[in-house]
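Each reported figure results from applying straightforward, stated rules to the coordinates on display, with no laboratory input. Model, not experiment: these values are computed from the prediction. Reconstructed Cβ throughout: ideal geometry from the backbone, glycine too, with neighbour counts over all protein chains shown.
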Ligand code: RET
């Protein structure tokens, strides 16, 4: 290819990419995709206010740490969905040869057609910031030690970042699934801790009942996310619709984030004795303050 041809090809491929403003308007004008995002901004915001209200009476620092931790899940969610709604964390990606969406085009709700399929990659990025708070809360409820909590959280961040890599790789179909495989391997470490380590800790801490409920909810839903990626427009594309793929994640989010957080906060409020650490918990001084 001559230099002129290369530049022309580059300009053509760039010209065919939607701007952030077009993506913003596309989300706004596509009822299925738009609702999967905007409904969750509202839910995340409302749940944050509701959780602050529910947890207002928890004074024990350890109990409060658990409440703040799950509230952060909703807080990150507001930012995550705002990134998607604004078009900042969305791209139109041209899938590599071998992928079911290779050669696909996207009709923008604002008019015009672009090459590629829409990836809501901001989800995977922001899960790296939200899911550690879920695991922190679970680890604290189980009364686990710092080593296990740290291990669960770092592998969890690994799941999301390599999941992001799977979504964004357009060089080779195989490499997308290699990333997916790495991500699933990290996921198994987290599942192992949830199923085999923390239940024992929770038994010793006297929180086995609530932990068992939260564990089942978490493991089932987290497998749901994993399978959904494989079926959605970025994986095998059994579900080709971007809006439907997005609604799947949004529906999982409603239970895995807001439903989960509600159960946690309700438990902490009613069982401060079981999860509390006393007034001097986490103090950096020998003398404990009367109150914070
Ligand atoms: C991906 C694809 C790559 C393989 C695996 C995945 C797992 C994702 C999970 C997401 C959980 C998200 C939650 C969000 C709530 O804020 C990245 C889909 C294993 C488990 C709970």
Please find, among 239, 254, the residue that is within 14 Å of the ligand (Cβ to nearest atom) and within 30 Å of residue 178 (Cβ to Cβ). 239
Selection status of residue 134, within 8 Å of the ligand (Cβ to nearest atom) and either under 13 Å from the mean Cα position of the chain (by Cα) or closer than 22 Å to residue 84 by Cα (or both): yes
Out of the residues in segment 215-234 meeting the condition of being in contact (Cβ under 8 Å) with a residue 40 or more places away in the chain and either away from the ligand (no atom under 12 Å from the Cβ) or over 17 Å from the mean Cα position of the chain (by Cα) (or both), tell me which one is surrounded by the fewest Cβ atoms within 10 Å (Cβ to Cβ). 215
It is to be established whether one or more residues within segment 140-157 are surrounded by 18 or more Cβ atoms within 10 Å (Cβ to Cβ), within 10 Å of the ligand (Cβ to nearest atom) and more than 24 Å from residue 32 (Cα to Cα). yes
Does residue 173 satisfy the condition of being surrounded by fewer than 22 Cβ atoms within 10 Å (Cβ to Cβ) and under 30 Å from residue 22 (Cα atoms)? yes
